[in-house]
Amino acid sequence: MRCSIGLILVLWVSVLSAGQLRLDTTRAKRLTDQGQRLETAGQLDQALKAYSEALTADPGYFDALKSRAKIRFLAGDVNESLADFDRALTLKPEDAETWSLRGDVNADLGNLDRSLRDYSRAISGGLERSTLYHARGVVYVRLGDPGKAIEDFTRAIRLKLDNPAPYKDRGVAYALKGELQKALDDYDRAVQLRPDYAEALMERGYAYGQLGQFERAMPDFNKALQLRPESPKGYAVRGATYSLMGQHQAAINDYSQALRRSPDDPALYLARGAAFAAMKQLPEALADRDKAVQLAPKMPQAYVARGSSHHLMGQHEKGMADRNKAIELDPEFAEAWLARGSAHFLMEQYAPAVADLEQALKLRPDLAEAKDVLAKAKAKLPPPALAKPPAATLFPDTKSLPESKGPPAGTSGPPTVASAATPPRTGSVSTMPVSTMPVSTMPVSTMPVSTMPVTSISTPAGAVQPVRSPSANVASKPASAAHTPPPGMPTAAPTAPATTAPATAPPATTSAATTSAASSSAATSMPKLKDASAPAAKSEEMPSARQLEREARALLKAGQTKQALPLLDQAVAAEPKLASAWNARGFAYFVLRRLDQAEADFNEAIRLNPNYANAYHNRANARKLKGDISGATADFSKSKELLASQ
């Protein structure tokens, strides 16, 4: 009897519990519906409260979890939003839209691989939306895969032909591939669809600047700034363009305007400091670089830049201390070792110079500038010191360094060392160095202006966007970190004589990218490629270096850069003193974005022919993309000077 009564009580409690569960679920649904009405009315705080109450009633109520996750993302509570989406997907993993929304959150947090998987899962789940393909394309850009990005942007355009944003972002992807004419076509279409599209105008202006068409670039920048007068990026990018034009005072004015709008951006101080240095205003340059170090005390590039100012002002002990600090912050930063090695060379301390420069080349074997200075330093060493540099010289005591006031007599000093505009490295991410960085995965607050994105990747229409304060440096959905500006193309080099006679033709105004759309008849009429590894049947049948160069140039004009490169290798090997061949091969390397090799070949062309204006122009483009704004500006000026005298 007692057992029966106990069983009855247990059953009765179970019934009551089930009723309570049904009651809680009903209440959760009612509160969720209420929250959605409040959300539609724009009352997000009240909607968030309703969703939270619904989840108190039923912690496993999917619609409430999903809705609260969206509201939290809109409010900027990104981590809490991600936790809600994670829980929601454990409850309902087949919901494609939730995968897409979680992809937005992961992209915003910089979890790019996770974001890519989320977007792909949403697409495979049957979600066919323009905004989704656009969002995934943005992630591909940020991951450095412009080819796949173009495919997704094209799908987004097909699904919504009148949306200008995918056109603009596809233009960015084309520019990253060096196809500037296709990029300009897309920017034109974006501006046609939306004439007040400031971001597209900035991108188009930057592309014109990369082609040296400054007269077309400036109107776009000016209009963009009229539309977005409070945009620090607009002023920064126009300032960088002024620097490339050699108008350093105008650049300083624009950087100052940008700093009024973004006073805590160390990259802007570094950029303005470089412009001051180009104007020989050394105290002002040092002040800006001091400020950059103050704002970013863990940014090695800021110390390298400030060290340059100290050395230029004869403060070698302070300059060396900054070099040491840069290496301490990032021992794998090859440019810091190069900078310190070059400083040792300047002060005639050749043994530590050799040690530092060899370390730079261990980290980056393709660092042509380190090779050049290392050769000069080794030439100054006696054989015993060269054979075995003292181990203690790797980290010299900077207090014992002499206060030399300039380069040693009879020398011109080392080449320009790592620029202040080199972007900061973040850990071991391979996409951070300027020479390989396809997309900015850095916030503007740590990005040098020379590689600063002119816009953020666009937000697909209808996308969920987190709310950010005006000072926050976060772009809109999809995760929208700013992308790297379109890379520039050097002008196709005219053939120069092998001697030191000046080049007789000015640089062309078109690039390989703009000529890649050559007619098919031109492409099919190209000469057959020579196999560099195949021996000739008869030595007298081997083509001359100039013939090889002519054939390679025809391929370059047809956009067949990889096919042209072996011919140029043969041309250089056949006639090492043919400056035009070195220049043409440098151009090919530039198109392939092998910037260090490109600069090394331009260096050799200039060494063989110091009056080779086009080689200076091309080297300026390579240095600009590497972040060496001062070096680029000097080369552009030299090219202009030579052309004017010819």
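Of note:
- Flag if T32 is surrounded by fewer than 18 Cβ atoms within 10 Å (Cβ to Cβ) and farther than 30 Å from V172 by Cβ: no
- Only one of A275, A267 that is part of a helix (DSSP H, G or I), within 21 Å of I327 (Cα to Cα), open to solvent by less than 10 Å² (accessible area, probe 1.4 Å) and of a type outside the set (K, R): A267
- Failed item in (1) open to solvent by less than 40 Å² (accessible area, probe 1.4 Å); (2) acidic (D, E); (3) more than 19 Å from Y140 (Cα to Cα), with D152 passing the rest: (3)
- Scanning region 223-249 for residues that are farther than 19 Å from K624 by Cα and not in a helix (DSSP H, G or I) turns up R228, P229, E230, S231.
- Every test in (1) touching a residue at least 24 places away in the same chain (Cβ under 8 Å); (2) open to solvent by 20 Å² or more (accessible area, probe 1.4 Å); (3) over 24 Å from L592 (Cβ atoms) is passed by R117 save one, and that test is (1).
- Residue match in region 166-178 (condition: touching a Ser or Thr at 6+ places or on another chain (Cβ under 6 Å) and open to solvent by 20 Å² or more (accessible area, probe 1.4 Å)): no
- All helices (runs of 4 or more DSSP H) inside region 106-176 with 3 or more residues being under 22 Å from V591 (Cα atoms): 130-142, 146-159, 164-176
- Restricted to region 272-305, and to residues there that are of a type in the set (K, R) and over 25 Å from F636 (Cβ atoms), the residue that is nearest to the chain's Cα centre (by Cα) is K298.
- Screening A513 with (1) open to solvent by 30 Å² or more (accessible area, probe 1.4 Å); (2) at pLDDT below 50; (3) assigned to a loop (DSSP other than H, G, I, E, B) gives one miss only, at (1).
- The residue that is most open to solvent (accessible area, probe 1.4 Å), among those in region 209-222 that are in a helix (DSSP H, G or I) and in contact (Cβ under 8 Å) with a residue 24 or more places away in the chain, is F214.
- Within region 98-107, the set of residues being open to solvent by 30 Å² or more (accessible area, probe 1.4 Å) and touching a Lys or Arg at 6+ places or on another chain (Cβ under 8 Å) comprises W99 only.
- Residues within region 305-320 that are part of a loop (DSSP other than H, G, I, E, B) and out of contact with any helix residue (DSSP H, G or I) (no Cβ under 6 Å at 6 or more places or on another chain), tallied: 2
- Here E97 passes the criteria (1) of a type in the set (D, E); (2) closer than 20 Å to K70 by Cβ; (3) assigned to a loop (DSSP other than H, G, I, E, B) except the one numbered (3).
- Among residues of region 324-335, those that are among the charged types (D, E, K, R), assigned to a helix (DSSP H, G or I) and under 24 Å from the mean Cα position of the chain (by Cα), counted: 1
- Among the residues of region 50-80, those that are assigned to a helix (DSSP H, G or I) and touching a residue at least 60 places away in the same chain (Cβ under 8 Å) comprise K70, F73, L74, V78.
The values are calculated or read from the model by the stated rules, or taken from the named source; none is laboratory data. Computed from a prediction, not measured in an experiment: that's the story for all the values here. Every residue, glycine among them, receives a Cβ derived from its backbone with ideal geometry; neighbour counts consider all protein chains shown. These accessible areas exclude ligands, DNA and RNA; they are computed on the full protein's heavy atoms, side chains included. Shrake-Rupley method; radii C 1.70, N 1.55, O 1.52, S 1.80 Å.
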